[in-house]
1. Provide Rg over Rh for segment A:319-388; use the alpha carbon set for both Rg and the Kirkwood Rh (inverse mean inverse pair distance).
2. If the reach is capped at under 18 angstrom between alpha carbons, list the lysines near A:Lys518, excluding any in the same chain fewer than eight residues apart.
3. Specify the angular offset, from 0 to 90 degrees and rounded to the nearest 10, of the alpha carbon long axis of helix A:61-73 from the longest principal axis of the alpha carbons in chain A.
4. Please sort B:176-182, A:255-261 by packing, taking for each peptide the average over its residues of neighbouring beta carbons within 10 angstrom, highest first.
5. How far is helix B:380-390 tilted, in degrees, relative to the longest principal axis of the Cα atoms in chain B, given as a value from 0 to 90 rounded to the nearest 10?
6. Å³ per residue of the Cα convex hull, for chain A?
7. So how do A:61-67, A:175-181 stack up, highest first, on mean other-Cβ count within 10 Å?
8. Within the set B:Lys235/B:Lys258; B:Lys194/B:Lys322; B:Lys13/B:Lys374; A:Lys191/A:Lys212, which residue pairs have Cα atoms separated by over 24 Å?
Amino acid sequence: MRSALPPSNSPIPASIRGDIVTTTSFIRAVIAVLFFAFSGPAFAQGTDPRPLFNQLADANFNEAEKLVGEIATTGDPRVVPALNAFSEGDLYFRKSDKAVFAAKPVGLQLELIDPVTGESAGQVAKGAVTKVKVNNNLRRAIRAALGGLTLMSPDRGARLSAADAILRSPSAETLELVETALAKETDAEVKARMEEARAVSLLSSDRSVEDKRAAIETIANLGGREAMRIFSTISSSIDESLKPDVDKAIAKIQGQLQLWDLAQNVWYGMSLGSVLLLAAIGLAITFGVMGIINMAHGEMVMLGAYSTFMVQEVIRDNAPGLFDWSLAIALPVAFLVTGLVGFVIERGVIRFLYGRPLETLLATWGVSLILQQAIRTIFGPTNQEVGNPSWMSGSFPLGGMTITYNRMWIIVFSLTIFFALLFVMKKTAYGLNMRAVTQNRRMASSMGIRTPWVDALTFALGSGIAGIAGVALSQIDNVSPNLGQSYIIDSFMVVVFGGVGNLWGTLVGALSLGILNKFLEPSVGAVLGKILVLVLIILFIQKRPRGLFALKGRAVEA
Amino acid sequence: MITGFILRALEGKIVVAVGILLAVAIIVPALNLLTPPDSALHIPTYAMALMGKYLCYALLALALDLVWGYCGILSLGHGAFFALGGYAMGMYLMRQIGSRGVYGNPDLPDFMVFLNWKELPWFWYGFDMFPFAMAMVLIVPGLLAFVFGWFAFRSRVNGVYLSIITQAMTYALMLAFFRNDMGFGGNNGLTDFKDILGFQVQAGGTRAVLFAMSAIMLALCLIVASAITRSKFGKVLVGVRDAESRVRFLGFRVENIKLFTFVVSAMFAGIAGALFVPQVGIINPGEFAPANSIEVVVWTAVGGRGTLIGPIIGAILVNAGKSYFTGAFPEFWLFALGGLFIAVTLFLPKGIVGTIQHGWNARKALKAAADAEKGRDAGALPAAQQAQAAE
């Protein structure tokens, strides 16, 4: 019988058990226990641990390991410092009476400390005591025992992390401890965690097959990679009769993991899609609605990012407390800056080129070169550092996936802009004018709409939105003079794919391209994935030259 | 018939241009090789290499002019055909290195040894033979243009949509060629060339011949382009540019006309790339960059699209300007180039040559009209109309 083997041959490889108890959580637990030990009343569970300590003086390693277990089962939290001292090699016994003490050096002498009460027992010469020997197996046993002890700590966090520690490094020795702790536990969350810890420990104990089967069930319900890891460590040593149960549980968890992977991929895709949407949405207005090929669109995004940088610089110098608000302040600044630049470009260059789309393309390309070089001359060619406000950094887990705050906010942000724009286009007088001018310029003009003014404002709006996009993209991309270049082709692809002149098309196009990209990536790699997407779009345009959501009716030929 | 076709190409301006090119092909290498270095007439090798580069660019601009100026297809992906021709030549030159590479492998180029490849990929077979490689210089860009154009023109993708997908094409190719596993040297591209047809690439004589070849090929392509545009087919081509649907309703297969022109133009670009590579000594994926292709458009626009001579002048002028600016004021080159883009589109939409021609024609038309009024020459009237139509 495997379970009859001495605990040192426990089936979990040392390499796994070794790194388990993360130091921080452990120290926290120990401190909590210490605090309790020195301040509160004595906590005795019947047996006095003192004689058990004394027995260590004569014990060999195996016996010592058992003794450590027994000391831990007393449940007396006062023994924690002594056990720590033991694993550090600071446990000694007095040659005269074989009484065991923790010791710390004071000058040339050692100060003896009672392992249970923690009181000083006087100083002795180093020759008067012998060290109680410790090896790695023993240290491991001590660590497990300590984990068990903190299970009964009055501090809720300490119990929780102790249960976690056991969950990560299960062993048969801790089973009884967990069960004792479980019986007394009242907090529901801690209790649930301890149940899981119990189940894990139970699998490596000599309990009955039925119990183990129930334990497997519990672990399977735990789910996630944690459970997979437990099963994979346990499966080699598990009882033959339990193998099918384990396999079934593994299959179940794998199914769940696949679902979560899928969800995570969709999430990544949406995140990429929202970036594309941000970059493309301004273009959807200038190109999609006005028919202007604005090759300087990427530079508008870049200007927005640099506006953010400037705002943050000013805030750093003058009002560091406002830093968390920097993005909120940068939004209107970027909108105004890029909107103004867009206005100037429209009045200065583009208005002479209406009806000559190819020339517009060349002229705006020239504008983009000038803007790029201007920024390079002013700020230098290197990346500028744009900081993340505190609410944009970090992440949180959602089921089996991890969601970073900056990506989440960018998705929220891009959708907000999208719907705001949709509102402006469909529900405001200005939006009505704009649509009228796009559909039939001359008719709109004869109805009294000042078409040149509408053109200029629309181009400024598109540019301003690109600037806002730049504020968001400054959070996830390098802010350099080349920032815009990396988005321009993608943006055009999104608008053309979605259907020119249709905002909804841009939304669907951006999200589907983002998700498609992320689904291709794992199988073919990022670069090849991107190439495939480009080729697919080229082929798609052959099939539907007007994009996913083509305009119908008279507007088509306009 | 062929001679007739060629002879028709030799209209006044073209003859002059071809003559100048042929003269340059002889004089520049002669001045480089035969005069002593301290002579006032001596052309240093670096200057000749630079001029050779400009001639290759001029050929590329001519190729673009054929599709853009005459057929109305603004390709933002002509850099891709140029680079493909360059890669075909580069592959030949790589195979000529033989065992003289750093790793001394007789079959595999250095980068393949470096990537631990055991044998030559299939698409490298045959590139050790010059005729095969030269055929590929034409076939690879031509085939890509054929496939791409076949789909695009049949689905009637035109105008800016076509421009955008050609840009996507060259962008996708750039990404692809940057990959090491593609087998074209990845990031570093192909370089360290030694021999071409047994002559040292770096040697003065070889460089002179390469320069002369660039000028001669440019002259040859100019004649072919002129022959195409001055033929009946060329008239239809201009018709497609100006009123595509009308030409289609008249019974012409517009997509075939476009496809033919696109393929010929891509082959021109391929030749330009092939001549470019041995003269600059390297070809890398950066040549596929969309920005390069757009720059070609500005050369053509500056010189004057739809004039054949214009793009050649434009490419040489802009590139000479680029060489000067990037040396003298590196900060200002992009300002100058950007300004040029805007200025040309706003103030000089016909380009240099186009504007001169326009002025010339206008004067002639004015004179003819004046003559006609005097009733001296009634036959001059159609000439005036023709001049107006040519605008």
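We did not get these values from a lab; they are worked out from the coordinates using the rules stated. Being a predicted model, the structure only gives us computed values, none of them experimental. Virtual Cβ from ideal backbone geometry, glycine too; neighbours counted across all protein chains shown.
1. Computed over Cα atoms, the ratio is 1.11.
2. Counting by Cα, and skipping residues close in sequence, A:Lys518 has these lysines nearby: A:Lys530.
3. On a 0 to 90 degree scale, this one is about 70.
4. Highest mean packing first, the order is B:176-182, A:255-261.
5. 40 degrees
6. In chain A, the Cα hull volume divided by residue count equals 222 Å³.
7. Descending packing order for the listed peptides: A:175-181, A:61-67.
8. From the list (B:Lys235/B:Lys258; B:Lys194/B:Lys322; B:Lys13/B:Lys374; A:Lys191/A:Lys212), the Cα-Cα distance tops 24 Å for B:Lys194/B:Lys322; B:Lys13/B:Lys374.
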